[in-house]
Amino acid sequence: MKLIVNEIFYSLQGEGGRTGEASVFIRLTKCNLACSFCDTDFADGDEMSVDEILEAISVYPCKWIIWTGGEPTIQLRDAHLAVFREHGYRQAIETNGTRRVPSLIDYITCSPKQDYETIKNRIPFVHEIRMPIQAGDPVPDISVFPKADNYFLSPVFDADKINLENVAYCVELIKLHPQWRLSLQTHKLIHIE
Ligand SMILES: C[S@@+](CC[C@H](N)C(=O)[O-])C[C@H]1O[C@@H](n2cnc3c(N)ncnc32)[C@H](O)[C@@H]1O
Ligand SMILES: Nc1nc2[nH]cc(C(=O)O)c2c(=O)[nH]1
Ligand code: SF4
Ligand SMILES: [Mg+2]
């Protein structure tokens, strides 16, 4: 049971409803989309067994994993997640919503990129929708998305810094459509990974 891993790092969740929580990030290679604004280089990776990943993350005093990528649903299966669960980990995922999410995930963040209305057929409930927004984008119709605890608009930032034009645009959108909340990529504000 191998996974191709781009990077493993320990930081704080920078975005969305779990912002500020210590988390072990496991970034898997491969994506099925090529978003123009994507801030992540996920191309390279090393094959690691689940046992090797467990050993690598055992140095951190934290039992929350965030599976991200790339698009982590391409590689990740319940058979992998079950082993981490047996070792006491709770597991969150960052997904673009184009593929089903394994059932053993404890916290789902869906960041829609296309075909918004079909996401709920694959993923009926998510913990958060976190929609990337650039100035001029239309506000998405919240009713087409899966049911969620929170619906966030996330201004698209540059690779390593904030973009105030996109922030100001999201602020005005949320004042007009208060079902949405603001999520900022706080790790870029405070210069952590
Ligand atoms: C790198 S993606 C990986 C997970 C998955 N492929 C996805 O798109 O949700 C993780 C998160 O970063 C967000 N993201 C990527 N580039 C961004 C940028 N330049 N500004 C703001 N958010 C960005 C995505 O929308 C997603 O919420
Ligand atoms: N601090 C921090 N929080 C994050 N939340 C989602 C991230 C991602 O790239 O998936 C990310 C990231 O790259 N860094
Ligand atoms: S789906 Fe996610 S990882 Fe893939 S290109 Fe888009 S933002 Fe980047
Ligand atoms: Mg990131």
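The values are calculated or read from the model by the stated rules, or taken from the named source; none is laboratory data. Bear in mind the structure is a predicted one, so any value in this text is a computation, not a measurement. As a convention, Cβ positions derive from the backbone with ideal geometry for all residues, glycine included, and neighbour counts pool all protein chains shown. The protein model used for the area step is the full one, side chains on, heavy atoms only, and it has no ligands, DNA or RNA in it. Shrake-Rupley method; radii C 1.70, N 1.55, O 1.52, S 1.80 Å.
Observations on the structure shown:
- Odd one out for residue 70 among (1) touching a Pro at 6+ places or on another chain (Cβ under 8 Å); (2) assigned to a loop (DSSP other than H, G, I, E, B): (1)
- Only one entry in 132, 178 is at pLDDT 95 or above, within 16 Å of ligand 2 (Cβ to nearest atom) and not hydrophobic (A, V, I, L, M, F, W, C), namely 132.
- Here is the figure for the range 147-166: residues that are more than 16 Å from the chain's Cα centre (by Cα), open to solvent by less than 70 Å² (accessible area, probe 1.4 Å) and closer than 16 Å to residue 110 by Cα total 0.
Residue by residue, here is whether (1) over 26 Å from residue 159 (Cα atoms); (2) at pLDDT 95 or above; (3) surrounded by fewer than 14 Cβ atoms within 10 Å (Cβ to Cβ) holds:
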{"position": "15", "(1), (2), (3)": "no, yes, no"}
{"position": "24", "(1), (2), (3)": "no, yes, no"}
{"position": "29", "(1), (2), (3)": "no, yes, no"}
{"position": "33", "(1), (2), (3)": "no, yes, yes"}
{"position": "51", "(1), (2), (3)": "yes, yes, yes"}
{"position": "56", "(1), (2), (3)": "yes, yes, no"}
{"position": "67", "(1), (2), (3)": "no, yes, no"}
{"position": "74", "(1), (2), (3)": "no, yes, no"}
{"position": "81", "(1), (2), (3)": "yes, yes, no"}
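- Residue satisfying all of: in the range 167-193; within 16 Å of ligand 3 (Cβ to nearest atom) and under 16 Å from residue 131 (Cα atoms); most open to solvent (accessible area, probe 1.4 Å) among these: 185
- Residue within the range 97-108 that is among the aliphatic types (A, V, I, L, M), touching an Asp or Glu at 6+ places or on another chain (Cβ under 7 Å), closer than 26 Å to residue 159 by Cβ and in contact (Cβ under 8 Å) with a residue 12 or more places away in the chain present: no
- Residue, surrounded by the fewest Cβ atoms within 10 Å (Cβ to Cβ), within the range 83-100, restricted to residues that are within 16 Å of ligand 2 (Cβ to nearest atom) and assigned to a loop (DSSP other than H, G, I, E, B): 99
- Some residue of the range 36-45 being small (Gly, Ala, Ser) and within 14 Å of ligand 4 (Cβ to nearest atom): no
- The single condition from (1) within 12 Å of ligand 1 (Cβ to nearest atom); (2) surrounded by 14 or more Cβ atoms within 10 Å (Cβ to Cβ) that residue 41 fails is (2).
- Among the candidates 45, 70, residue that is farther than 28 Å from residue 150 by Cα and either within 14 Å of the chain's Cα centre (by Cα) or within 16 Å of ligand 3 (Cβ to nearest atom) (or both): 45
- Test: residue 102 is out of contact with any Phe, Trp or Tyr (no Cβ under 7 Å at 6 or more places or on another chain), within 14 Å of ligand 1 (Cβ to nearest atom) and under 21 Å from residue 146 (Cα atoms): no
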